[in-house]
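Okay, structure first, notes after.
We did not get these values from a lab; they are worked out from the coordinates using the rules stated. Not measured: the values here are computed from a predicted model. Please note: Cβ atoms are built from the backbone with ideal geometry, for glycine as well, and neighbour counts cover all protein chains shown.
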Amino acid sequence: MVLFALLAAGQPLRAASPDEAAAAFAAGDYQRALRMIKPLADQGNARAQHDLGFMYANGKGVPRDYAEAVKWYRKAAGQGFAEAQSNLGSMYAQGKGVPRDYAEAVKWYRKAADQGFAGAQDNLGMMYFKGGGGIPPDYAEAVKWLRKGADQGYAEAQGHLGAMYGLGKGVPQDRAEALKWYRKAADQGYAGAQDNLGMMYFRGEGVPPDYAEAGQWLRKASGQGIAEAQGTFGWMHLMGKGVPRDYAEALKWLRKAAEQSDARAQSNLGAMYANGVGVAQDFVEAYKWFILCAAQNYEPGKQQMDKVRPRMTSEQVAEARRRAAQWTARHAGSAG
């Protein structure tokens with residue numbers, strides 16, 4: 001028994017199969033996945049090369065290293081692996097691990113999109129929508145690719161196609177179609193579409209105004225951190241529109257949006273402090289938020305400043321300006 005155990009221990013370990021490596025990767029067990037994926041990637045397995053690139057791009061199981069991610073994405077992309085082609089395109093679009101190059105991004109997105117990869121179809125459509133870097137905007141081309149992704153059920157493409165119908169870009173403006181595509185994406189949990197769908201009900205665009213329905217979708221988008229949704233949802237609680245009037249909830253959501261630089265939320269939050277609604281009256285804090293939204297050329301914020309300023313001492317104004325400067329510096333640092 002001892003002899004057999006010694007002989008067995010000396011035998012080489014069985015190499016992991018590509019399926020085993022992919023399963024560990026999909027399960028998020030990145031340390032185990034790395035041990036299996038790296039040998040497979042070195043042997044030229046395209047799936048493993050892509051997954052290794054993803055791990056380096058996102059710091060999963062390894063330190064984040066964009067240049068290393070590009071290296072492995074490129075190996076897999078060169079073998080025609082669509083997901084790697086799409087991710088390599090994103091690295092060029094974002095300038096991560098390579099100099100930003102929109103033409104290269106479009107090239108790799110198109111290779112993946114031509115294989116039917118929905119994420120690349122969405123990315124390619126958005127490249128044509130936004131333009132830049134020598135790529136002229138082409139709304140008809142954008143719609144073409146977004147529709148391909150949307151027809152595959154890809155939520156982001158559905159939301160973006162809805163926006164094209166809402167804006168009338170590349171297609172005749174059609175709010176019913178916008179609503180249809182937003183709902184498809186929103187039902188899949190896509191926050192941007194939940195926000196847009198909620199705002200259509202809030203404003204009565206293509207549907208009768210319905211604050212209760214708006215509130216349902218804006219709540220979902222707010223929970224995912226969409227500033228416009230948070231600001232609107234906070235205002236609804238402030239005014240009791242579609243939801244019970246609740247100043248604590250209003251303050252919570254307006255603050256979340258204001259901290260993301262939403263000017264309308266900053267103005268409404270400042271108004272709550274200026275009027276002592278749901279909080280103790282505080283002209284300094286109010287004026288701070290008015291300064292911040294006025295810096296974004298938000299006219300109601302400027303008007304609020306003019307109303308509050310005569311009720312403040314010069315010391316209070318100076319303190320409000322100091323707080324606003326601190327807030328701006330803090331947020332500029334986090335953005336960088």
From the coordinates shown, Rg/Rh (Cα atoms, Kirkwood Rh) corresponds to which of (i) 1.11; (ii) 1.16; (iii) 0.95: (i)
Inter-part gap, Cα centre of the stretch 113-154 to Cα centre of the stretch 156-235, in whole angstrom, is 20 Å
Among Ile135, Ile37, what is the fewest-to-most ranking by other Cβ atoms within 10 Å? Ile135, Ile37
For the chain, averaging the sequence separation of alpha carbon pairs under 8 Å that lie six or more residues apart and dividing by its residue count, the contact order in percent is 6 percent
Unit charges on C-beta of K, R, D, E only; dipole of the stretch 223-336, Debye: 100 debye
Going from the fewest other Cβ atoms within 10 Å to the most, one would list Tyr247, Tyr182, Tyr128 as Tyr247, Tyr128, Tyr182
How would Arg245, Arg110 line up from fewest to most surrounding beta-carbon atoms within 10 angstrom? Arg245, Arg110
Name the residue from Pro136, Ala82, Gly61 whose Cα lies farthest towards the positive end of the charge dipole of the stretch 4-154, charges +1 on Cβ of Lys and Arg and -1 on Cβ of Asp and Glu. Gly61
In the structure displayed, which of Lys148/Lys169; Lys38/Lys130; Lys256/Lys302; Lys184/Lys241; Lys130/Lys252; Lys75/Lys130 lie more than 27 Å apart, Cα to Cα? Lys38/Lys130; Lys130/Lys252; Lys75/Lys130
Each label sits 7 Å from Cα toward the beta-carbon; between Arg35 and Met312 the label points are separated, in nm, by 6.1 nm
Please give the charge dipole size of the stretch 56-96, origin at the Cα centre, charges +1 on K and R Cβ atoms and -1 on D and E Cβ atoms. Round to the nearest 20 debye. 60 debye
